[in-house]
1. Could you check segment A:118-127 and list, in sequence order, the residues that are at the interface with another protein chain (Cβ under 9 Å from one of its Cβ atoms) and on the phi < 0 side of the Ramachandran plot?
2. List pairs: first in segment B:198-223 and over 18 Å from A:R93 (Cα atoms) and facing chain A (nearest Cβ under 7 Å), second in a helix (DSSP H, G or I) and among the β-branched types (V, I, T), Cβ under 8 Å, 6+ apart or cross-chain?
3. Quick one: in segment A:136-153, of everything that is touching a residue at least 40 places away in the same chain (Cβ under 8 Å) and closer than 13 Å to A:A115 by Cα, which residue is farthest from the other protein chains (Cβ to nearest Cβ)?
4. Testing A:L60 on (1) modelled with pLDDT under 90; (2) farther than 25 Å from A:K25 by Cα, one condition comes back false. Which one is that?
5. Of these, B:I132, B:I88, B:I101, which one is out of contact with any Gly (no Cβ under 9 Å at 6 or more places or on another chain) and either touching a residue at least 12 places away in the same chain (Cβ under 8 Å) or more than 29 Å from B:F245 (Cβ to Cβ) (or both)?
6. Taking the stated definitions as given, is B:F251 surrounded by fewer than 20 Cβ atoms within 10 Å (Cβ to Cβ), more than 10 Å from every other protein chain (Cβ to nearest Cβ) and of a type in the set (F, W, Y)?
7. I'd like to check something: does segment B:98-120 contain any residue that is farther than 30 Å from B:S193 by Cβ, part of a helix (DSSP H, G or I) and not acidic (D, E)?
8. Could you check, for segment A:158-177, whether at least one of its residues is charged (D, E, K, R), without any contact (Cβ under 8 Å) to a residue 24 or more places away in the chain, more than 29 Å from A:G44 (Cβ to Cβ) and not in a loop (DSSP other than H, G, I, E, B)?
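The values are calculated or read from the model by the stated rules, or taken from the named source; none is laboratory data. Because the structure is a prediction, the values reported are computed rather than measured. As a convention, Cβ positions derive from the backbone with ideal geometry for all residues, glycine included, and neighbour counts pool all protein chains shown.
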Amino acid sequence: MADREKFLELKNVVYSFHTYGGQVKAVRDVSFEVRKGEILGIVGESGCGKSVTAQCIMRLNPEPPGFFEGGEILFEGKDVLKMTNKELRKMRREDIGFVFQDPMTSLNPTMRVGAQIEEVFLGRTDVSKKEVKEKALEIMRLVGISDVEKRYKQYPHELSGGMKQRVMIAIALVSRPSLVICDEPTTSLDVTIEAQILDLLLELREKLGMSIIMITHDLGVIARMCDRVIVMYGGKIVEKGTAQEIFYDTAHPYTKGLMGSIAKLDTAKGEKLTPIEGTPPDLFFPPKGCPFAARCEYAMDVCKDNPPCSYQLSGEHVTNCWLQHEFAPDTDLKKENAAELKEGEVK
Amino acid sequence: MRKYIFKRLVAAVLTMWVLITVVFFLVRLMPGDPFQNPKMTAEIRANMESYYGFDKPLIVQYGNYMKNLFKGDLGYSMKFTNKTVNGIIAESFPFSADLGIRALVFAVSFGLVLGIISARNRGGKLDFFCVIVAVLGTSIPDFIMGAVLQYGFGIKWGLLPVAQYQGIEYTILPACAIGFYTLASVSRIMRASMLEVASQDYIKTARSKGVSEFRITAKHQIRNAIMPVMTIMGPTVASVLTGTFVIESIFAIPGMGKYYVESVSNNDYSMVLGMTIFYGVFLIFCNLVVDVLYGVADPRVRIGER
């Protein structure tokens with residue numbers, strides 16, 4: 001995996017929102033990369049900054065009130081933050097697709113489905129009107145919409161929820177982008193449809209070879225889909241690694257807590273799930289040290305006031321937690337070969 | 001669609017019947033009667049009353065009125081002797097309607113544009129200007145508006161005729177005075193609605209497709225934002241086209257507004273009823289048109305397709 005070419009890189013991105021109550025630091029120093037053809041999962045609870053991070057990449061957050069405090073986002077070597085409006089729009093049209101969470105509200109109720117798909121090609125001179133329609137029909141077939149000629153002329157309210165999400169995916173994919181960002185694409189759908197949509201995304205990845213960023217709070221989705229996983233908490237990345245490492249070699253107490261709080265098939269009847277006690281940090285006044293310290297069962301004195309260093313546990317596996325420090329007590333999470341990463345050292 | 005309109009028509013007829021009945025008895029409950037004149041002798045008075053059928057029991061009067069109404073006859077005015085209500089409406093409505101149409105075109109076009117500009121520049125100087133216009137428009141009463149316009153454009157600068165109705169240039173000031181309130185409310189509603197639509201998910205979807213901001217406003221925002229404006233247009237069109245008493249008095253326009261108000265103070269029963277029926281039918285018609293237009297703007301409320 002590591003040898004695959006990376007084409008999107010976020011470096012120390014800090015993103016905040018001005019609000020009446022003050023500044024909300026939604027994303028605090030987030031760095032990661034996306035490689036060709038992979039599915040990268042971003043997981044975390046509501047309000048941890050995963051959606052804001054994803055929307056940063058296409059600059060879809062409303063600005064103002066949102067603004068970048070620092071960092072850079074390199075897409076194929078170009079800094080997204082320095083792009084002109086025209087370049088940005090070209091990137092949105094041709095290079096990155098976005099699938100939103102709620103297909104019920106994400107389609108314009110007053111426009112025909114076909115027109116909404118074709119809008120992606122607006123302003124392009126290299127494709128004729130006829131070609132655009134062919135492309136739209138082709139992508140609709142590809143995402144599993146039946147009776148495309150009829151659907152093409154229908155309005156969103158005439159389609160079911162799953163069908164609408166297929167239309168959303170069609171919109172995201174019609175220009176054959178190299179990256180598709182899916183922001184909780186199945187949260188508002190029932191489980192059968194969810195399974196269909198996830199299978200569809202996997203199938204399309206095989207066919208079209210694009211990369212996917214999959215944002216979710218559902219570890220089941222992560223396990224099923226993702227090659228690599230980023231775990232976010234309180235606007236920060238707390239752990240990243242391959243899906244294998246995250247699930248079977250968990251190194252961060254928060255990730256461990258997430259695993260403990262889901263129901264498994266072998267959970268006995270009457271057995272209680274283990275929730276993570278407490279609430280996420282207030283991002284108006286983010287904690288100085290580790291954001292998870294207040295809820296962490298392993299918390300030490302050092303965690304409250306000092307942001308943890310990054311520790312490399314293997315080629316892909318990195319965690320930000322003091323428990324990996326050489327002087328930290330032995331716990332079930334401590335890994336033997338943890339190496340401290342110096343500032344700016346990104347593997 | 002046909003079935004829907006038929007249903008609406010049945011409902012409209014019922015509504016009108018209730019309206020007519022209530023107004024018929026209500027006007028007769030008002031203090032005084034149409035023939036209050038100290039100079040009138042008892043004999044003349046009795047003559048008048050029998051001429052208009054007042055000597056018959058109320059229920060018979062009601063029956064007669066309804067019978068005539070079915071023939072489209074609204075009866076004679078009790079104050080303007082020898083004039084039928086139909087005649088008065090036919091003679092005065094064109095003035096009111098002509099003025100009202102001008103006022104509406106002015107109000108709706110400018111109101112929409114102001115609302116859109118305002119929402120696009122939320123918090124900016126243009127927005128501030130538009131909000132000021134909207135607040136002035138909704139808070140200044142029309143008689144002050146009319147008088148200020150007359151003074152400014154008519155007397156001080158002498159650009160436009162002060163009053164009366166003799167040609168297009170005579171309609172400009174009264175149309176502005178009538179339309180200003182509508183303009184302000186249209187712009188306020190449009191602004192709020194545009195802002196609400198701007199925060200919808202599908203606007204973000206459009207942005208993620210790389211659609212330009214201009215097209216997002218033109219293609220995605222406006223059509224979805226126009227519904228609340230259409231809702232107020234039904235009653236607004238009806239009331240503006242049937243004339244306003246104050247503006248018509250100030251500008252000396254022979255429209256319907258004057259007759260409507262005077263008929264009430266004169267206890268002119270047949271005029272009150274006739275005007276009410278005319279206004280009621282007109283209002284119901286306008287609302288029906290708006291309901292059909294909803295479907296044009298928003299496919300979700302399109303009725304009876306397929």
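1. Step one: of segment A:118-127, the residues at the interface with another protein chain (Cβ under 9 Å from one of its Cβ atoms) are A:119-120, A:122-123.
The answer is A:E119, A:V120, A:L122.
2. B:Q200/A:T105
3. Filtering segment A:136-153 down to residues touching a residue at least 40 places away in the same chain (Cβ under 8 Å) leaves A:142-144, A:152-153.
Narrowing the set further to residues that are closer than 13 Å to A:A115 by Cα leaves A:152-153.
Numbers: A:Y152: 14, A:K153: 11 Å.
Across segment A:136-153, the extreme among qualifying residues is A:Y152.
4. (2) is the only condition that A:L60 fails.
5. Working: B:I132 fails: either touching a residue at least 12 places away in the same chain (Cβ under 8 Å) or more than 29 Å from B:F245 (Cβ to Cβ) (or both); B:I88 fails: out of contact with any Gly (no Cβ under 9 Å at 6 or more places or on another chain).
Just a single option satisfies the conditions, and that option is B:I101.
6. On the way: surrounded by fewer than 20 Cβ atoms within 10 Å (Cβ to Cβ): no; more than 10 Å from every other protein chain (Cβ to nearest Cβ): yes; of a type in the set (F, W, Y): yes.
No.
7. no
8. So the first thing to find is which residues in segment A:158-177 are charged (D, E, K, R), and the list is A:158, A:164, A:166, A:176.
Now narrow it down to the ones that are without any contact (Cβ under 8 Å) to a residue 24 or more places away in the chain: A:158.
After this cut, where a residue has to be more than 29 Å from A:G44 (Cβ to Cβ) as well, the list is A:158.
Next, from what is left, pick out any that are not in a loop (DSSP other than H, G, I, E, B): A:158.
So far as segment A:158-177 goes, yes, one or more of its residues are charged (D, E, K, R), without any contact (Cβ under 8 Å) to a residue 24 or more places away in the chain, more than 29 Å from A:G44 (Cβ to Cβ) and not in a loop (DSSP other than H, G, I, E, B).
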